[in-house]
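What follows is a set of notes on a single structure, which appears directly below.
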Amino acid sequence: MARCVGQQQKLTLSKDLEVALVTGIAGVDRSPADYARMLRTLIGNLDGMVFRCRNDAHWTMEFVSDGCVALTGYHPEDLVGNCTLGYNDVIVPEDRARVRESTTLPDQAPGRYAIEYRIRRADGTIRIVGERGTPVLDQHGAVVAYEGFIEDITERSGYRMRIEQQANYDALTGLANRRLLNDRLSQAILRAERDRSRIAVAFIDLDQFKIINDTFGHELGDNMLRSMAERLTGCVRQSDTVARQGGDEFVLLLTGHQDSEELLGVIQRVHAAIDKPWQAGRREFHVTCSVGVAVYPNDGRSAEVLLRNADVAMYKAKSNGRNNFQFFTAELNRMMVERVAIEHRLRNALSRKQLLLHYQPRVDVSSGRVVGAEALLRWRLPRQGVISPARFISVAEETGLIVPIGKWVLQAACQQAMAWQVVGLPPLVMSVNVSPRQFRQDNIVQTIADALHDSGLPPRYLQIELTEGLAMQDAENHVRMLDEIKALGVQIAIDDFGTGYSSLGYLKRFPVDQLKVDRSFVQDLATDPDDAAIVQAIIVLGHQLGLRIVAEGVETDAQYRFLHSSGCDEMQGYLFGRPMDAAEFAQLITLNESGQPGVLQGGWRSDTLLPRRNQGRGLRQNK
Ligand code: C2E
Ligand code: MG
Ligand code: MG
């Protein structure tokens, strides 16, 4: 569900829109109030909806005309500011990616677009609409909003589209039907054969649906199916297919998930999404599902065999007890079992005090001093010992456990940073990783403010690290949240920079202080000229945008020298120190600050931080 932005505005036309329209009516001399009234009448009489929406993930409406009610069944107050739902939620899930693409298609007349797609009205019926609009640009040329008109064209959209609609899509949910699924699966198999990729087919059956449907009636049952369809669509990428096979059976067709971890993640998300309570009136339902998965090519090479094997796996999942999953392949099954076990144990990790933080130094290149620490989460299990976040962060993300865990990390890291200052160590900037889910679910600004308040750490000594992907998704919303974080006085860094794809234009609008160049580029600096060029370009561009550049994962002298000569500002990596516990870290800082000759000239050792030889204007030698 979209987030409600801003208070409900009084539904008046935006001034811009009024002026723009009014100046188009020539000749007659009338007062502005006259024009405004005339415009409202004109717009009110249109058989469709005039709108202005933001260019964000929800298509947040800033203005919709009263035609909204006839078109969608929702009232303007529901849509404006996403107060009940976002317009993106009104668009049938299958069509959302296409709508987004069409608004930016280069082959449309410049500054205009026109598109036909399907919406689901408040009463559940599906209608075909035509939308024509114009992008609104800001002074940098970025599209900030769209203005246009949407009308119902179901009756006149012609035979072809209606026939296609009936033939390929499920009337109740708007999802792909069995026929379209088969088509897409066959296509996907051809592609996968060509580029030797994997496909997964997941059969999903709602566990108690039949009882609920029989007990509470078909209308409630239909609503539940629609909601579940919506939730499933939210679990996959836009390039994947969610289909309804009939009844309470859904199928996911997942392409391009090469990595087993990623695939397991989707299945876990499906369980978590269906598992969430579902509300109908005052009644709350807890639905669970059974999932069976078959993977191409291992579990079948044709659409028919894959679907059959996924179905077989699903029945096995059901017979193992509901709310279960089953992979056709034993290996994947074992991995999933392990993942679920991690989830169960992670639920208790906080209360059992099994989580701890390690700290890795960040070194300023020109002074050679440790100027910061990155807090890195560790989980100590009684039998396995300490395990790395690589094994559990994604599970924590998918289950939402990252929210309480992330809060704890922020609190503990701020307290540690303050404790070091209290015992007289020079103040360091503490970096804390914040995950996308924390951004979406938690009141992250408040959580950060609380951590600062509770620890007494001055805000300038805290830095939040966000991954590049997060910053770029739903950029509009994030700019706002980042501005609020920035207003607290906290620094912001983009982590793993270079692994996602950033629009540098956007970067300019983010209140970012640092870019952390991803370890993968640093790794091959000495041997891969492309990586070397990329890193140099990031440094130059970053500096032009006024950002400090940190290189991550610096392990060798050669990498250090290259980065140093390219103008990199700070470095982090095993060359300077591995992540270590708080006591070791304090010891290291004391050594680094003491500037003892033995330490200073003793060489880059992971436990000393300081250089073997004088490396030009580089790192600090004796004070
Ligand atoms: P990251 O934020 O990019 O952290 C850097 C990772 O690189 C750390 O792995 C660190 O130990 C490792 N590293 C540092 N220097 C070197 C080096 O010279 N060579 C090599 N090979 N590796 C190096 P770690 O601690 O396993 O963390 C992995 C990721 O887990 C982090 O990547 C971060 O995205 C995530 N993470 C860690 N702690 C937290 C946390 O508290 N909250 C959230 N949301 N994510 C966390
Ligand atoms: Mg990080
Ligand atoms: Mg990183």
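The values are calculated or read from the model by the stated rules, or taken from the named source; none is laboratory data. Since we're looking at a predicted model, the values are computed, not measured. Neighbour counts run over all protein chains shown; Cβ positions are idealised from the backbone, glycine included. In case anyone asks, the SASA skips ligands and DNA or RNA and just uses the protein heavy atoms, side chains included. Shrake-Rupley method; radii C 1.70, N 1.55, O 1.52, S 1.80 Å.
Could you give every pair whose Cβ atoms fall below 7 Å, whose first residue belongs to segment 338-364 and is under 15 Å from Pro389 (Cβ atoms) and among the hydroxyl-bearing types (Ser, Thr, Tyr), and whose second residue is in a helix (DSSP H, G or I) and open to solvent by 20 Å² or more (accessible area, probe 1.4 Å), counting only separations of at least 6 or pairs across chains?
Tyr359/Ala582
Within the bounds of segment 246-269, is there any residue that is within 21 Å of Asn88 (Cα to Cα), assigned to a helix (DSSP H, G or I) and of a type in the set (S, T, N, Q)?
no
From (1) within 23 Å of Asp442 (Cβ to Cβ); (2) modelled with pLDDT of 75 or more; (3) among the aliphatic types (A, V, I, L, M); (4) within 16 Å of ligand 2 (Cβ to nearest atom), pick out the condition that doesn't hold for Leu515.
(1)
What strands (runs of 3 or more DSSP E) lie completely within segment 101-209 and have 3 or more residues being open to solvent by 20 Å² or more (accessible area, probe 1.4 Å)?
By residue number, 113-120, 126-137, 143-152.
Could you check Gln384 against (1) open to solvent by 40 Å² or more (accessible area, probe 1.4 Å); (2) more than 13 Å from ligand 1 (Cβ to nearest atom); (3) modelled with pLDDT of 90 or more; (4) assigned by TED's automatic domain parsing to the domain that holds Leu466 and say which number it fails?
For Gln384, the exception is condition (3).
Asp78 - would you say it is acidic (Asp, Glu), closer than 29 Å to Glu219 by Cβ, open to solvent by less than 30 Å² (accessible area, probe 1.4 Å) and in the same structural domain as Val50 (by TED's automatic domain parsing)?
Considered against the rule, which asks whether it is acidic (Asp, Glu), closer than 29 Å to Glu219 by Cβ, open to solvent by less than 30 Å² (accessible area, probe 1.4 Å) and in the same structural domain as Val50 (by TED's automatic domain parsing), Asp78 comes out as no.
Of Asn309, Asn323, which residue is touching a His at 6+ places or on another chain (Cβ under 9 Å) and either surrounded by 14 or more Cβ atoms within 10 Å (Cβ to Cβ) or part of a helix (DSSP H, G or I) (or both)?
So the residue among Asn309, Asn323 that is touching a His at 6+ places or on another chain (Cβ under 9 Å) and either surrounded by 14 or more Cβ atoms within 10 Å (Cβ to Cβ) or part of a helix (DSSP H, G or I) (or both) is Asn323.
When the residues of segment 334-370 are filtered to those that are more than 27 Å from the chain's Cα centre (by Cα) and surrounded by fewer than 18 Cβ atoms within 10 Å (Cβ to Cβ), which remaining residue is farthest from Ile589 (Cα to Cα)?
This residue is Arg334.
Mind checking which residues of segment 57-75 are within 21 Å of the chain's Cα centre (by Cα) and surrounded by 20 or more Cβ atoms within 10 Å (Cβ to Cβ)? Lay out the reasoning, then the answer.
Residues of segment 57-75 within 21 Å of the chain's Cα centre (by Cα): 57-60.
The answer is His58, Trp59, Thr60.
Which condition number does Leu563 fail, the rest of (1) modelled with pLDDT of 90 or more; (2) outside any helix (DSSP H, G or I); (3) more than 30 Å from Leu355 (Cβ to Cβ) being met?
Answer for Leu563: the failing condition is (2).
Please give the number of the condition Phe63 fails out of (1) hydrophobic (A, V, I, L, M, F, W, C); (2) modelled with pLDDT under 90; (3) touching a Lys or Arg at 6+ places or on another chain (Cβ under 9 Å).
Status for Phe63: all satisfied but (2).
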